[in-house]
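J.: One structure coming up, written as structure tokens, with questions to follow.
The values are calculated or read from the model by the stated rules, or taken from the named source; none is laboratory data. Everything numeric in this text was worked out from a predicted model, so none of it was measured. Cβ: placed from backbone, ideal geometry, glycine included. Neighbour counts: every protein chain shown. These accessible areas exclude ligands, DNA and RNA; they are computed on the full protein's heavy atoms, side chains included. Shrake-Rupley method; radii C 1.70, N 1.55, O 1.52, S 1.80 Å.
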Amino acid sequence: PIGDCLIAVGTFTFIGDARTYGMAYWNPNAQSGSGWVGMGRTDQNSGTNIYAVGNLGSRIIIGGIFGSINPPGTPGTQPTNVAAWDGSKWVPLSATQTPTTVSSFATLNSTLYASSSGFNLPNTRALYRYTAGGTLDTGTWTPLLPDVAGQVNKLVVFNNELYLFGSM
């Protein structure tokens with residue numbers, strides 16, 4: 001919804017003169033003097049840790065550990081660990097199972113994959129595949145690789161194959 005842009009994620013409450021916690025995009029025409037526009041909460045109480053940024057079609061997606069990424073009072077469901085930017089707020093990519101502690105995204109043959117580095121829970125897998133639904137929040141995440149123990153830190157697509165890097 002915001003077109004091609006530079007996105008900054010990290011642990012910050014200000015970027016330029018834009019107040020935001022951990023996420024902002026660059027817009028040289030922004031009303032802020034610096035060109036940075038905050039995306040999401042503006043306080044440190046959100047518990048937001050973003051580890052992965054990607055895209056799903058024309059949407060920016062983020063992954064990490066979070067459960068309260070939009071400002072308080074924002075209508076709709078708060079996304080957990082994976083979210084897509086709709087132009088004004090973060091929306092969930094699924095109403096059900098969500099990967100825990102997303103560490104990386106990759107797209108192969110128009111299919112979105114997410115790696116997980118939080119592999120301590122019995123139902124957690126190192127790799128997930130996203131299947132789109134009619135709306136973003138009706139898509140589903142399918143856990144893959146049930147016999148892999150460990151964590152995947154990075155996904156890379158090379159020569160039309162998906163590679164997983166981590167400790168497995």
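J.: Give the stretch 149-168 a look and list any residue that's on the phi > 0 side of the Ramachandran plot, open to solvent by 70 Å² or more (accessible area, probe 1.4 Å) and in contact (Cβ under 8 Å) with a residue 24 or more places away in the chain, or say none.
T.: N160 - this is the single residue of the stretch 149-168 that is on the phi > 0 side of the Ramachandran plot, open to solvent by 70 Å² or more (accessible area, probe 1.4 Å) and in contact (Cβ under 8 Å) with a residue 24 or more places away in the chain.
J.: Further question on the same structure: What is the one condition in (1) hydroxyl-bearing (S, T, Y); (2) assigned to a loop (DSSP other than H, G, I, E, B); (3) touching a Ser or Thr at 6+ places or on another chain (Cβ under 9 Å) that S103 does not satisfy?
T.: Status for S103: all satisfied but (2).
J.: What are the residues in the stretch 81-99 that are farther than 13 Å from R129 by Cα and surrounded by 17 or more Cβ atoms within 10 Å (Cβ to Cβ), if any?
T.: Answer for the stretch 81-99, where residues must be farther than 13 Å from R129 by Cα and surrounded by 17 or more Cβ atoms within 10 Å (Cβ to Cβ): N81, A83, A84, W85, K89, W90, V91, P92.
J.: Quick check on the stretch 106-148: of everything there that is outside any loop (DSSP other than H, G, I, E, B) and at pLDDT below 80, which residue is least open to solvent (accessible area, probe 1.4 Å)?
T.: Restricting to residues being outside any loop (DSSP other than H, G, I, E, B) and at pLDDT below 80, the top hit is L136.
J.: When you go through T48, T42, T13, T80 one by one, which is the residue that is modelled with pLDDT under 80, β-branched (V, I, T) and closer than 26 Å to S115 by Cβ?
T.: None of the other options fit; the residue is T48.
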